[in-house]
Amino acid sequence: MSDIKAAITGIHGWVPDYVLTNQELETMVDTNDEWITTRTGIKERRILKGEGLGSSDMGAEAARGLLKKKGLSAEDIDLIICATATPDMIFPSTACVIADKIGAKNAFGFDLMAACSGFLFSVATAAKYIESGSHKCVLVIGADKMSSIVDYEDRQTCIIFGDGAGAALLEPTKNGMGVQDSILKSNGEGRHYLHMKAGGSVKPASHKTVDSKEHFIHQEGQTVFKFAVKGMADVSAEIMERNKLTGDDIAWLVPHQANKRIIDATANRMGVGKDKVMLNIQRYGNTTNATIPLCLWEWENQLNKGDNIILAAFGGGFTWGSIYLKWAYDSK
Ligand code: UT7
């Protein structure tokens, strides 16, 4: 096996300015701050306003910020993987649009679609390109404009989602830091419980699909919740076990931010205390592919070289998984 590992060597995030609070949602649907807070942990989320703006604009902002921070030129990048469930359009890929917007002329790029697990799957995929020696400067971007597919008359989904983007730089390292292990899973039987009914090849857009609101997220919340709690906790426990890690060995759990109760159950199962769990769901809600990089970005100053970090996610598909990595740099 190659002694090259893929390490995250930089992280950046970007969220839109507009704050959609629980109080504002109370004026839109039959809900209340108390219900949303106790059932999900969410207080507010960000919404991208403005004609003609999409996931690529947020992804490009995150990428530009990251390049600036690292003192890199966009032309240094040789691969861009964009994890998104809300691409600018069905084709071309949002990765191609971002590459053009930031001037990444030497990169090839593609989108990776794994719903809320997309960032996790993308980091694992990027790691393979790096470990093989073929690529050396890889941007993994998670970007979602969830507000573009949320029905703001559906109180079960509109309270959950928000918009945002995060970008991670992955580079090769030979000092043992970086991605140590990953477990990725999917089960298409779960597709019925969390999906968008129309707009794909099975049911292209028509007046009828628009009238019947089939271009919005359809979620059977309780069923997804049940699978998410088990899926995220099981896979996180499995990756700890096979790497002989106990809760004490873990510096940080970085969970997908879908519901605070799912996160608590996962941390509990792993034996990881609340003080080691990155949690910003209260401010951003579920930004789908941006949740994990936004957490890493906000906690970057608290991370130290060698920290054992577990990333974990669950999402539509169903898709789920976890990654065990050793943080590669002192951020302060
Ligand atoms: O990131 C991708 C994966 N997605 C997830 O992991 C999401 C998983 N699911 C969830 O997070 C939760 O299921 C929800 C937050 C979506 C819903 O929470 P819940 O505790 O499962 O609520 P429920 O669907 O069981 O509904 C309980 C009650 C119902 O009323 P009755 O039938 O008991 O009278 C709902 O109609 O709460 C009602 N309800 C609401 N009440 C106030 C549902 N949504 C709302 C609301 N405000 N926004």
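Structure data summary
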| item | result |
| --- | --- |
| Pair list, Cβ < 6 Å and 6+ apart or interchain, from region 285-297 residues that are touching a residue at least 40 places away in the same chain (Cβ under 8 Å) to residues that are of a type in the set (D, E, K, R) | Gly285/Arg45; Thr287/Asp144; Thr288/Asp144; Asn289/Asp144; Ala290/Asp144 |
| Residue list for region 34-60, restricted to those being crowded, with 16+ Cβ neighbours inside 10 Å and in a helix (DSSP H, G or I) | Ile36, Arg39, Thr40, Ser55, Ser56, Asp57, Met58, Gly59, Ala60 |
| Members of region 283-319 that are within 9 Å of the chain's Cα centre (by Cα), among the hydrophobic types (A, V, I, L, M, F, W, C) and in a helix (DSSP H, G or I) | Ala290, Ile292, Leu294 |
| Residues (within 16 Å of the ligand (Cβ to nearest atom) and either open to solvent by less than 10 Å² (accessible area, probe 1.4 Å) or of a type in the set (A, V, I, L, M) (or both)) located in region 123-160 | Gly142, Ala143, Asp144, Met146, Ile149, Val150, Thr157, Cys158, Ile159, Ile160 |
| Count of residues meeting criterion [polar (S, T, N, Q) and open to solvent by 10 Å² or more (accessible area, probe 1.4 Å)] in region 268-314 | 6 |
| Lone qualifier among Asn259, Asn243 - being open to solvent by 10 Å² or more (accessible area, probe 1.4 Å), in the same structural domain as Leu194 (by TED's automatic domain parsing), modelled with pLDDT of 95 or more and in contact with a Gly (Cβ under 8 Å, 6 or more places away or on another chain) | Asn259 |
| Out of Ile292, Ile323, sole residue that is within 15 Å of the ligand (Cβ to nearest atom), aliphatic (A, V, I, L, M) and at negative phi | Ile292 |
| Selection status of Lys208, over 14 Å from Asp151 (Cα atoms), free of Cβ contacts under 8 Å to residues at least 12 places away in the same chain, outside any loop (DSSP other than H, G, I, E, B) and charged (D, E, K, R) | yes |
| Given (1) without any contact (Cβ under 8 Å) to a residue 60 or more places away in the chain; (2) polar (S, T, N, Q); (3) assigned to a loop (DSSP other than H, G, I, E, B), index of the condition Gln23 fails | (3) |
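The values are calculated or read from the model by the stated rules, or taken from the named source; none is laboratory data. Quick caveat: nothing in here was measured; it's all calculated off a predicted structure. Note that each Cβ is placed from the backbone with ideal geometry, even for glycine, and that neighbours are counted across all protein chains shown. When the accessible area is computed, the model is the full protein with side chains, heavy atoms only, and any ligands, DNA or RNA have been set aside. Shrake-Rupley method; radii C 1.70, N 1.55, O 1.52, S 1.80 Å.
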